[in-house]
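The structure appears right after this line, and notes come after that.
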Amino acid sequence: MNTLPALFEERMRKLLPEESEAFFAALQTEPPVSIRLNPGKPVPISRLFPDEQIGLPVSWCESAYYLKSRPVFTLDPCLHSGTYYVQEASSMFLYHIFGQILPAHPVRVLDLCAAPGGKSTLIASRLSSGSLLVANEVIRSRAGILKENMIKWGTSHVVVTNNDPADFHHLKGAFDIIVVDAPCSGEGMFRKDPGAIQEWNESNLQLCSERQQRILADIWPCLKPGGFLVYSTCTYNPGENEAILERLIRKYGARSIEIAPLFPGIVPGNSTAHCYHFYPHRIPGEGFFTGVVQKTEGEEFRAGKVRKNTKHTPPLLPGDIRAYIRTPEYYRPYAKDNIIGVIPEQHSEFIQLLEANLHILYQGCEIAEIINRKSKLLPSLALWQGLNKANCALLDTDRMTALTFLKKEDIPVPPKTAEWLLVTYRGQGLGWCKHLGNRLNNYYPKEWRIRMTIE
Ligand code: SAM
């Protein structure tokens with residue numbers, strides 16, 4: 001690891017007077033590896049990794065495990081089918097927080113700083129399908145990665161947007177829960193990302209804190225009265241952590257929420273706000289900070305009427321496409337350019353409102369592209385948890401064939417039983433091939449293909 005900035009060392013010695021040596025020693029060790037399984041694509045951990053590689057479960061998150069060594073994830077087709085997500089363990093604490101703050105009724109959740117999608121994939125699985133998640137990322141290129149990860153995770157009660165926090169100002173009181181996993185000075189990632197050490201300096205800490213305050217000021221009105229805001233960073237700097245939560249309480253009258261029970265190793269912050277630190281010498285994971293506040297007053301959401309001329313008339317789903325959907329009655333079809341997709345019917349008005357105000361990159365599930373009145377099935381359908389596999393012709397593959405498909409190369413041609421073949425690995429969809437008689441057209445998206453050499 002690169003040399004730590006002297007000023008950072010000095011600050012950490014003050015923050016952790018008794019434990020700083022253990023803390024610095026932990027930074028010299030290899031970062032732990034952990035994964036979270038996708039409950040919507042159930043494959044037991046024992047089928048994903050050899051027994052000797054599987055470590056302990058992550059205590060605060062269901063279906064999450066440490067791995068004793070780091071596999072070459074890119075060469076595991078199950079990563080590409082969204083069967084699991086590689087996520088550092090401390091940030092999975094959000095699972096435990098949601099267990100406490102989620103009401104019994106369906107909710108609308110905004111994950112404001114969402115790329116690459118670690119927290120959004122967790123939230124998407126934590127919510128019931130009657131709820132809606134808006135996963136937003138302001139940086140365009142990062143929003144593309146978020147979209148890809150959400151498609152692979154395969155939940156359709158999600159909308160991916162690419163907006164600045166200020167663009168949400170039309171949606172006052174619209175969200176029951178807002179997650180702000182804020183851009184920060186990244187001190188907690190020094191071990192994993194040496195680049196963060198280079199960028200660290202005193203004036204950047206101040207800039208980060210000001211940006212966090214701006215983000216929260218922009219988004220606070222969008223939280224419903226009584227709703228919860230979950231704030232987190234991957235840094236130790238109190239100016240980006242405790243001070244930010246205290247300001248929410250002071251300036252906006254927010255109520256601090258205690259998360260209980262806690263788990264051994266998690267350190268409550270030194271603040272009037274309930275908040276929690278994850279340090280690498282106490283917990284196998286990266287540095288992480290989080291706290292929850294509740295909004296006590298403010299504007300209620302008024303949906304307004306979606307104007308008649310902007311209201312979409314849902315297209316009829318062609319019969320061949322409808323057959324691919326497990327519960328079509330739950331969805332409303334939409335047509336955009338020549339793409340046909342579906343969104344959850346119960347959120348269709350709200351999604352139209354989002355469309356009128358935000359830059360939507362993806363919504364629900366895109367099913368097919370219509371070209372010359374014929375349907376070309378889209379990869380997102382193959383990866384969707386709502387796909388009716390009983391109506392698909394399956395082409396189950398071994399690892400080498402799956403990887404060849406994921407490289408967008410030719411795979412062996414089976415006897416023709418159907419035109420569209422769902423290429424699967426360990427029972428989970430990877431994408432589509434079209435049977436042309438003597439060869440298969442591989443429809444895996446070019447931009448997702450594996451570029452690594454397969455061994
Ligand atoms: N939540 C993500 C996850 O779990 O995978 C990680 C989010 S990362 C800590 C913070 C994100 O905030 C980055 O994707 C970054 O591009 C985004 N960001 C940067 N500047 C921002 C701003 N001014 N407003 C909102 N988000 C911003």
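Structure summary
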{"quantity": "Number of the exception - K192 against (1) closer than 20 Å to R142 by Cβ; (2) modelled with pLDDT of 95 or more; (3) part of a loop (DSSP other than H, G, I, E, B)", "calculated": "(2)"}
{"quantity": "Count - residues of the range 231-242 that are open to solvent by 30 Å² or more (accessible area, probe 1.4 Å) and away from the ligand (no atom under 16 Å from the Cβ)", "calculated": "1"}
{"quantity": "Selection status of P318, open to solvent by less than 40 Å² (accessible area, probe 1.4 Å) and not aromatic (F, W, Y)", "calculated": "no"}
{"quantity": "Filter result (out of contact with any helix residue (DSSP H, G or I) (no Cβ under 9 Å at 6 or more places or on another chain) and not small (G, A, S)) within the range 263-276", "calculated": "P264, V267, P268"}
{"quantity": "Hits in the range 243-253 (condition: open to solvent by 20 Å² or more (accessible area, probe 1.4 Å) and assigned to a helix (DSSP H, G or I))", "calculated": "A243, E246, R247, I249, R250, K251, Y252"}
{"quantity": "Residue within the range 215-223 that is within 22 Å of V33 (Cα to Cα), of a type in the set (A, V, I, L, M), assigned to a helix (DSSP H, G or I) and at pLDDT 95 or above present", "calculated": "no"}
{"quantity": "Candidates E349, E345, E329, E366, filtered to the one that is without any contact (Cβ under 8 Å) to a residue 24 or more places away in the chain and closer than 22 Å to V134 by Cβ", "calculated": "E345"}
{"quantity": "Count of the range 33-62 residues which are small (G, A, S), outside any strand (DSSP E or B) and in contact with a helix residue (DSSP H, G or I) (Cβ under 8 Å, 6 or more places away or on another chain)", "calculated": "1"}
{"quantity": "In the range 427-453, the residues that are within 18 Å of N391 (Cα to Cα), surrounded by fewer than 20 Cβ atoms within 10 Å (Cβ to Cβ) and touching a residue at least 60 places away in the same chain (Cβ under 8 Å)", "calculated": "G427"}
{"quantity": "Matching residues in the range 254-287 - criterion: being of a type in the set (F, W, Y) and open to solvent by less than 40 Å² (accessible area, probe 1.4 Å)", "calculated": "Y276, F278, Y279"}
{"quantity": "Helices (runs of 4 or more DSSP H) contained in the range 72-164 and holding at least 1 residues open to solvent by 30 Å² or more (accessible area, probe 1.4 Å), touching a residue at least 40 places away in the same chain (Cβ under 8 Å) and more than 15 Å from the ligand (Cβ to nearest atom)", "calculated": "93-101"}
{"quantity": "Filter result (out of contact with any Phe, Trp or Tyr (no Cβ under 7 Å at 6 or more places or on another chain), touching a residue at least 24 places away in the same chain (Cβ under 8 Å) and within 12 Å of the ligand (Cβ to nearest atom)) within the range 183-201", "calculated": "P183, C184, G186, M189"}
{"quantity": "Residues located in the range 232-256, provided they are in contact with a helix residue (DSSP H, G or I) (Cβ under 7 Å, 6 or more places away or on another chain), farther than 22 Å from R11 by Cα and of a type in the set (A, V, I, L, M)", "calculated": "L248, A254"}
{"quantity": "Boolean, R326 is at pLDDT 95 or above, open to solvent by 30 Å² or more (accessible area, probe 1.4 Å) and within 30 Å of A390 (Cβ to Cβ)", "calculated": "yes"}
{"quantity": "Residue in the range 165-178 that is farthest from the ligand (Cβ to nearest atom), counting only those that are of a type in the set (A, V, I, L, M) and open to solvent by less than 10 Å² (accessible area, probe 1.4 Å)", "calculated": "A174"}
{"quantity": "Every pair of residues 6+ apart whose Cβ atoms lie under 9 Å, when the first sits in the range 213-225 and is at positive phi while the second is away from the ligand (no atom under 11 Å from the Cβ) and open to solvent by less than 10 Å² (accessible area, probe 1.4 Å)", "calculated": "none"}
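Per-residue answers, yes or no, for (1) assigned to a loop (DSSP other than H, G, I, E, B); (2) at pLDDT 95 or above; (3) among the hydroxyl-bearing types (S, T, Y); (4) open to solvent by less than 30 Å² (accessible area, probe 1.4 Å):
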| position | (1), (2), (3), (4) |
| --- | --- |
| E355 | no, yes, no, no |
| Y362 | no, yes, yes, yes |
| I370 | no, no, no, no |
| L395 | no, yes, no, yes |
| L403 | no, yes, no, yes |
| T417 | yes, no, yes, no |
| L421 | no, yes, no, yes |
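The values are calculated or read from the model by the stated rules, or taken from the named source; none is laboratory data. Please read all numbers here as calculations on a predicted model, not as lab measurements. Glycine gets a Cβ as well: all are built from the backbone with ideal geometry, and neighbour counts include every protein chain shown. Calculation scope for accessible area: heavy atoms of the full protein, side chains included, ligands and nucleic acids excluded. Shrake-Rupley method; radii C 1.70, N 1.55, O 1.52, S 1.80 Å.
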